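Just so it is clear, none of the values below were taken in a lab; they were calculated from the coordinates. The structure presented is a predicted model; accordingly, all values stated were derived computationally and were not measured. Neighbour counts are summed over all protein chains in view; Cβ atoms, including those assigned to glycine, are modelled from backbone coordinates with ideal geometry.
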Amino acid sequence: MDRGSSGESHVLLIERGFDTWLTSPKTIINGIGFGSSPKVLADFFGNDKYGNFHCLYVTVLAETGVLSLMVLVFLLGYPIIGRTGALSAIVAIGIFNLSYQSHMEPIFWLVLALLCSGERRRWTTKVVLAPATASFA
């Protein structure tokens, strides 16, 4: 990766997010506080109030802790469990948010709500009966 490149900046921000999250047992559970990333990253972004760790999952971990990450993973996974056609959209959202974060965008929540309201998967089971064999001794 080239020094000073966008890719290097992303990696440095993600590493910084993990370091911030692992600061203490309190931050591992509760994080540093929702929306606190710009303050922690002031040396990187200056006075930009939109500064963030450039990864949804790392931002959730650093700002709100491990319990919030579990809730987020459930929210992203729930549409897959009982809906048809949701898997590809959830995979796309999941991959996109590895290097960006869209949880502050209304469209993210709209898409998630639409996926949750999709057609329920019908669970069918096939019963196969083996032919009866009779033996008389």
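So which of 77, 65, 94 is of a type in the set (Gly, Ala, Ser) and surrounded by fewer than 13 Cβ atoms within 10 Å (Cβ to Cβ)? Can you show your working first?
Working: 65 fails: surrounded by fewer than 13 Cβ atoms within 10 Å (Cβ to Cβ); 94 fails: surrounded by fewer than 13 Cβ atoms within 10 Å (Cβ to Cβ).
Exactly one of 77, 65, 94 is of a type in the set (Gly, Ala, Ser) and surrounded by fewer than 13 Cβ atoms within 10 Å (Cβ to Cβ), namely 77.
When you look at residue 62, is it assigned to a helix (DSSP H, G or I), touching a Ser or Thr at 6+ places or on another chain (Cβ under 8 Å), touching a residue at least 12 places away in the same chain (Cβ under 8 Å) and among the aliphatic types (A, V, I, L, M), yes or no?
yes
When you check residue 47 against the structure, is it without any contact (Cβ under 8 Å) to a residue 40 or more places away in the chain, polar (S, T, N, Q) and not in a helix (DSSP H, G or I), yes or no?
Numbers: without any contact (Cβ under 8 Å) to a residue 40 or more places away in the chain: yes; polar (S, T, N, Q): yes; not in a helix (DSSP H, G or I): yes.
Yes, satisfied.
Among (1) surrounded by 14 or more Cβ atoms within 10 Å (Cβ to Cβ); (2) assigned to a helix (DSSP H, G or I), there is one condition residue 15 misses while meeting the rest; what is its number?
With (1) surrounded by 14 or more Cβ atoms within 10 Å (Cβ to Cβ); (2) assigned to a helix (DSSP H, G or I) applied to residue 15, the lone miss is (1).
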